[in-house]
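Notes follow the structure.
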Amino acid sequence: MRFVLIGIFLGVSGLVGFFSLAKYKQVERLETHVTATIPVEGLERIWFAPSGDLAGIGVQKSRLSVRVWSRTGAPVRMRELDLAAAKSSAKPVFAVSAEGTEVAWVDDTSLRLTRIAGTEPESRSLTHFKKAAPITGLAFAGPGKLAALYGNGELELRELAGGRVVASTRLEMAEADLLLSNGLYLAAYSSGSGAAVVFDTTGDRFSLIENKKYPQDNLTMTLSPSARLAVGTREAVEQLGNSFRSPGPVRSMSFLDRNRVLIGGDFEGVYLVGPNQGPQQVAGAGKETTLVASSGMNFAFGGGKEISLASGRMIQSREYLGMGLPRLWVLLALLGLYVPLLMYFFYGTFGYIFRKLTSVNIAEPEEGGKLANEGPIPDALVEACRNGDCVLWAGSGLGAQGGLPTWTQFLRETLDWAVSGNHLTADAARAGLSELAEGKAGLAADRIASSIEDRRSLHAYLSQRFRVYSDLPAAHQLLRELDFPALVTTSFDNLLDRAFPHSGGRIYTAETCSELLRAAARHEFLLLKPFGTLDEPETIRLGPAECGRVIGDNPAVSELMGELFRTRVFLFIGASLDGLERDLTALSPPAEAGRKHFALVPTNAPGWEAAAERLTQRYAIATLPYTASTPLHPEVVDFLTKLRGLIHERSYSQESFEAAE
């Protein structure tokens, strides 16, 4: 009987231990299905046009061939163009538009544009030029614009209608010789130094959004629709400071989404590489896959003789990682199982031990013990960022990194503007300034919102003040590299919109927040401006009273924030503790957050400790304090630089550990 009891207890405890200690991770796998095969020869690059057609180009000496196929693989058109200047040049300099309808190229004396959509090519000269350095790269930059890169580092943006230069800049790199484009984004690269820059050309200007150095032994490059640059080498794919292993030399690549890349090269098959997973083969292909393209779930890949068209879908699966350390509830469950058995077999022994223990005097613990210090950047925050589980909350103070006013400064400026434009009386303005002096910014904002009846003029003023097209500040470039899967901002500026263009230009507000609930559940990228966006003037809300009303009228906002607070880790940057408390009260997240969150806050304001204690008690927000040395708060950049370093260090260490296993 005893052996039967022992067997039963061991079996039950073994099952409990296995199912509770086994570690799994959720893995997304891309499954592809070939839909058509296209015979080709001599193609050097392929891509999907905005219309959905597949385009490809090839060059033999001075002869350029442009081919376009439909989604079913049927030929749409094939055009050939003689690039006259290429006859005497080792490398022709040209660019083909995204739809494959226009070709820009350089002859001996001018920059030419040829339209190849009709039955006969139509060519014209954009401009005659006499430059100190030759053109080394051309790229179409959005509708109606062409970028030209010169050997001396000069970069120009020209109108196609007339060839007028609308913007120019000088690159701080030697031997710039490659220019890539995707929509309104441009990337320039120097093969001599490995330096690369990425620009946003919105507003007819070059706005820097990335400036990095990549390996000089790169074999191919690609630029994503969200302005991400990736470089393929003989062993890896390099992207925004991350290195993803490849099964061999990479010859062609294309972004699948914001951080995963499809690659082909000197190896069999097409692979998907990205963070937190090894190379995943997604399609069969022969060696030397030199052509890869993707658009959504449509793919194309091949080599020198044929291209395969394919469609795909993402499949969720669980991957077994091994056994982990037991949790407290597991130990309690096993203890509950074994105590009756041990008492049954060793009743006498337990009694003896119990009597001995009760006779021993246990010393009282000394007071003054302290919890282990987590350090300036807690491990929980680093892990959340590394796992793509951290949500960025950006206050108006973050815009100060780009020269924008803080919340209080903005209210003072708005009061001055309102008085000068006769939108506000002098008495009301003095009352607002008095409220600001007393630290009652919320009351001042409510006064402005309720007094200004001409909302169209207010929107025009906000647009003029908060639309920024200069280079992205260092803080926003670092935030872009950290790759947050979700953003919430109470500011009106467009700096985060430009740093994170992954939403396809869609910015959600309180009125459209209900659409985000499903996206948040699927961990899709989201950018939420609950108090309005300048692109939709009717959504703008100014002051706690207006913000509170719009949240009350749209309960999906509170539901979304509650879900994010329970399941994700928030990092708050650019918000004062008082402002953060006010905004969180308006958005009404749950009192029991479920996860621990972190706020990078300055300690210059008096009484910050009391506000920090309230946020900790109500929202489980731990403060990461710093003392601002200048009005620009350089400590924010220092913090983000250290956080990025810790994430990369942890990621590389984990990758090495997994490789060793």
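The values are calculated or read from the model by the stated rules, or taken from the named source; none is laboratory data. Remember, it's a predicted structure, so these values are computed and weren't measured experimentally. Cβ: placed from backbone, ideal geometry, glycine included. Neighbour counts: every protein chain shown. To get the accessible areas, we keep the full protein, side chains included, count just its heavy atoms, and leave off ligands, DNA and RNA. Shrake-Rupley method; radii C 1.70, N 1.55, O 1.52, S 1.80 Å.
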The range 419-445, residues that are part of a helix (DSSP H, G or I), farther than 19 Å from residue 577 by Cα and open to solvent by less than 60 Å² (accessible area, probe 1.4 Å)
419, 426, 428, 429, 431, 432, 434
Take residue 46 and tell me if it is closer than 23 Å to residue 221 by Cα and under 36 Å from the mean Cα position of the chain (by Cα).
yes
Residue in the range 375-398 that is surrounded by the fewest Cβ atoms within 10 Å (Cβ to Cβ), counting only those that are among the small types (Gly, Ala, Ser) and in contact with a Gly (Cβ under 6 Å, 6 or more places away or on another chain):
395
May I ask you to list pairs of residues, at least six apart or on different chains, whose Cβ atoms are under 7 Å apart, with the first in the range 208-231 being within 15 Å of residue 472 (Cα to Cα) and touching a residue at least 60 places away in the same chain (Cβ under 8 Å) and the second being part of a loop (DSSP other than H, G, I, E, B) and open to solvent by 30 Å² or more (accessible area, probe 1.4 Å)?
208/471; 226/258
Using the structure shown, decide if residue 639 is modelled with pLDDT of 85 or more, assigned to a helix (DSSP H, G or I), in contact with a Gly (Cβ under 8 Å, 6 or more places away or on another chain) and crowded, with 19+ Cβ neighbours inside 10 Å.
no
Scope the range 611-633; condition in a helix (DSSP H, G or I) and surrounded by 15 or more Cβ atoms within 10 Å (Cβ to Cβ); matching residues:
611, 612, 615, 616, 618, 619
Among the residues of the range 118-132, write down those that are at pLDDT below 80 and either farther than 17 Å from residue 158 by Cβ or open to solvent by less than 40 Å² (accessible area, probe 1.4 Å) (or both).
118, 119, 120, 121, 126, 127, 132
Considering 565, 531, which residue is in a helix (DSSP H, G or I) and either of a type in the set (Lys, Arg) or open to solvent by less than 30 Å² (accessible area, probe 1.4 Å) (or both)?
565
If I go through the range 223-234 residue by residue, how many of them are open to solvent by 30 Å² or more (accessible area, probe 1.4 Å) and either assigned to a strand (DSSP E or B) or at pLDDT 90 or above (or both)?
1
Those residues of the range 244-257 which are in contact (Cβ under 8 Å) with a residue 40 or more places away in the chain and of a type in the set (A, V, I, L, M), in sequence order
256
Top-ranked residue in the range 288-319 [being within 20 Å of residue 51 (Cα to Cα) and assigned to a loop (DSSP other than H, G, I, E, B); ranked as modelled with the highest pLDDT]:
297
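Can you name every residue in the range 569-608 that is farther than 21 Å from residue 398 by Cα and at pLDDT 85 or above?
Matches in the range 569-608: 596 only.
From the list 171, 179, 126, 157, which residue is in contact (Cβ under 8 Å) with a residue 24 or more places away in the chain, out of contact with any Gly (no Cβ under 6 Å at 6 or more places or on another chain) and not small (Gly, Ala, Ser)? Steps first, answer last, please.
Working: 171 fails: out of contact with any Gly (no Cβ under 6 Å at 6 or more places or on another chain); 179 fails: out of contact with any Gly (no Cβ under 6 Å at 6 or more places or on another chain); 126 fails: out of contact with any Gly (no Cβ under 6 Å at 6 or more places or on another chain).
When all the criteria are applied, what remains is 157.
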Kindly indicate whether residue 577 is closer than 25 Å to residue 479 by Cα and open to solvent by less than 10 Å² (accessible area, probe 1.4 Å).
no
Residue 454 versus (1) within 30 Å of residue 276 (Cα to Cα); (2) surrounded by fewer than 15 Cβ atoms within 10 Å (Cβ to Cβ): which is the lone unmet condition?
(1)
When residues of the range 93-116 are filtered for being touching a Lys or Arg at 6+ places or on another chain (Cβ under 8 Å), closer than 15 Å to residue 136 by Cβ and either small (Gly, Ala, Ser) or at pLDDT 90 or above (or both), how many remain?
1
Only listed residue being free of Cβ contacts under 8 Å to residues at least 12 places away in the same chain and under 22 Å from residue 36 (Cα atoms), chosen from 302, 296
296
Within the range 282-302, restricting to residues that are small (Gly, Ala, Ser) and closer than 11 Å to residue 46 by Cα, the one that is surrounded by the most Cβ atoms within 10 Å (Cβ to Cβ) is 302
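Each row is one residue, and each column tells you yes or no for (1) farther than 30 Å from residue 184 by Cα; (2) open to solvent by less than 50 Å² (accessible area, probe 1.4 Å); (3) outside any loop (DSSP other than H, G, I, E, B); (4) of a type outside the set (A, V, I, L, M).
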residue: 400; (1), (2), (3), (4): no, yes, yes, no
residue: 410; (1), (2), (3), (4): yes, yes, yes, yes
residue: 414; (1), (2), (3), (4): yes, yes, yes, yes
residue: 460; (1), (2), (3), (4): no, no, yes, no
residue: 463; (1), (2), (3), (4): no, yes, yes, yes
residue: 470; (1), (2), (3), (4): no, no, no, yes
residue: 475; (1), (2), (3), (4): no, yes, yes, no
residue: 493; (1), (2), (3), (4): no, yes, no, yes
Got a sec? Which of 22, 90, 85 is within 23 Å of residue 221 (Cα to Cα) and at pLDDT below 90?
90
Within the range 255-271, is even one residue charged (D, E, K, R), within 24 Å of residue 215 (Cβ to Cβ), part of a loop (DSSP other than H, G, I, E, B) and in contact with a helix residue (DSSP H, G or I) (Cβ under 9 Å, 6 or more places away or on another chain)?
yes
Sort out which residues of the range 190-222 are of a type outside the set (S, T, N, Q), within 21 Å of the chain's Cα centre (by Cα) and open to solvent by less than 20 Å² (accessible area, probe 1.4 Å), and write them in order of number.
196, 197, 198, 199, 200, 209, 210, 214
Residue identified as of a type outside the set (A, V, I, L, M, F, W, C), modelled with pLDDT of 90 or more, closer than 19 Å to residue 292 by Cβ and out of contact with any Ser or Thr (no Cβ under 9 Å at 6 or more places or on another chain) among 39, 75:
39
Right, residue 66: at pLDDT 90 or above and farther than 30 Å from residue 81 by Cβ or not?
no
Taking the range 235-254 on its own, how many of its residues are of a type outside the set (A, V, I, L, M) and either outside any loop (DSSP other than H, G, I, E, B) or buried (at least 20 other Cβ atoms within 10 Å of the Cβ) (or both)?
10
Out of (1) at pLDDT below 90; (2) in a strand (DSSP E or B); (3) within 28 Å of the chain's Cα centre (by Cα), the odd one out for residue 322 is which?
(3)
Taking the range 258-285 and keeping residues charged (D, E, K, R), under 26 Å from residue 481 (Cβ atoms) and without any contact (Cβ under 8 Å) to a residue 40 or more places away in the chain leaves 260
